[in-house]
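Just below is one structure, and these are the notes that go with it.
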Amino acid sequence: MFDPKYTISPKLLENIKRISTLIFELNGKRFSKVILLELEKKAREISAHASTSIEGNPLPLTEVKKILKSHPKFVRDSEKEVLNYNEALLWLNAFVKKEPVRFNLPLILHIQKIITKGLISEFRCGKIRKEPVFVNDPKIRKTVYWPPDHKDVTALLKELFTFVEQNKNVLDPLIIAGIFHKQFVIIHPFMDGNGRTVRLATKVLLAAVGLDTFNLFSFENYYNQNVSDYFKNVGVTGNYHDIQKHVDFTPWLEYFTDGIIDELLRVSKILQTATITPETILQSHHKTILEYIKKNGFITDKIYSGLTKRAKPTRNQDLNKLIELGLIERLGKGKATIYKLK
């Protein structure tokens, strides 16, 4: 039975508290659909670049943006990696909005199949490895880690998923996501795509922390800033059977939550700038609409015309802007149209 060794250190506890505060602040804000769609696109660009770059993909961010925009028909492997990762992100962003979210082995296999499609042999796409695998250190050109035997992989994954399921209402989602990430790397269940798969899978677990704007974040970005630090913290050395009972997850969990804070602060700063543009500043007539709805439950164009001297086309613009900002919604049609707080 998988029973990870870790300690809720003062640093880890402080990180969890800070993440909770940052998420609360972010969820209390509202942004226009235009801003959210643009930031979501940028997050996918950064994620696709960062996660593939960690594995050695040489494409710079500028080139990644071009590829994701043009979707060329004939591509090199490096470009295919980026396109596959973006496809997986799009699929996952839709997946995490479903209820209930099923976090299980079929999900992991599907992710790996998407990211490796056209890059490795078809019989290895979406399949657990059936042979030994080794982890080498490119700097010293030597094997530094021997993962568990392929015959043990399925059972070890089952134990890991059992741990996640049994603790989802017991442990903080951050602890569960962090432990899953490192243990998956330790098990190393695929011949290729382990890192990209687990970073995407971890995104699903992180969605459980309650971020309404989850798809705006690129948690892979932090790891790519210092790849050596990431590998040092997430990886292990030696033979799995010798080290399995001695792995301490605490340093990794501290590093893992440091990365989440870093990304939350990055996106918070971007969102703060985005919300003070001329397009998002509320004028007095917008506030009039909102105050009336708060007091009376709804407003109509006819009612609004009695509260302002603005012409009908301008009144439509006022109402549409509040809809675009995600503050109100339109219900009904024609003369029966009303506007309520969203």
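Computed from the coordinates by the stated procedures, all read-outs in this text should not be read as laboratory data. This structure is a prediction, so every number in the text was calculated from the model and none was measured. Note: ideal-geometry Cβ built from the backbone for every residue, glycine included; neighbour counts use all protein chains shown.
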How far is helix 77-95 tilted off the main Cα axis of the chain, in degrees rounded to 10, range 0 to 90? 60 degrees
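Trypsin sites (Lys or Arg not before Pro) within the range 127-190: which are DSSP loop residues with at most 12 other Cβ atoms inside 10 Å?
In loop regions of the range 127-190 (DSSP not H, G, I, E or B), the sparsely surrounded trypsin sites (Lys or Arg not before Pro) are K130, K139, R141.
Thinking of the range 1-159 as a set of Cα atoms, what percent of all their pairs are more than 24 Å apart?
Roughly 56 percent, rounded to a whole number.
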Against the 2.2 N^0.38 Å scaling, with N counting residues, where does the chain land? I'd like the Cα-based Rg ratio to two decimal places. 1.17
Computed E for T154/D258 - FRET, C-beta separation, R0 25 angstrom, nearest 0.05: 0.15
Taking every DSSP bridge whose two residues both lie in the chain, the antiparallel percent to the nearest 5 is 75 percent
Based on the alpha-carbon gyration tensor of the range 137-222 and its eigenvalue square roots a ≥ b ≥ c, which shape applies: rounded if a/c is under 1.5, prolate if not and a/b is larger than b/c, or oblate? oblate
Based on DSSP H runs of at least 4 residues, each adding -39500 (n - 2.57), what is the mean residue ellipticity at 222 nm of the chain after dividing by all its residues, to the nearest 500 deg cm²/dmol? -19000 deg cm²/dmol
Scan of the chain for GluC sites (Glu not before Pro) in DSSP loops with at most 16 other beta-carbon atoms within 10 Å gives a longest site-free stretch of 56-278
Cross-link pairs K69/K182; K33/K113; K42/K232; K98/K342 - those with Cα-Cα distance over 25 Å: K69/K182; K33/K113; K42/K232
Whole-Å distance, taken between Cα centres, linking the range 142-187 and the range 191-208: 12 Å
When H286, H49 are ranked with the fewest other C-beta atoms within 10 Å first, the list becomes H286, H49
Can you check what the Kirkwood hydrodynamic radius comes to for the range 200-342, Cα pairs only, in Å to one decimal? 19.5 Å
For all pairs of alpha-carbon atoms in the range 284-341, what percent lies in each bin of width 5 Å, listed from the first bin to the last filled one? 4, 20, 36, 29, 10, 0
Rounded to the nearest 0.05, what FRET efficiency do E63 and L37 give with R0 = 25 Å and r taken as the Cβ-Cβ distance? Could you check? 0.65
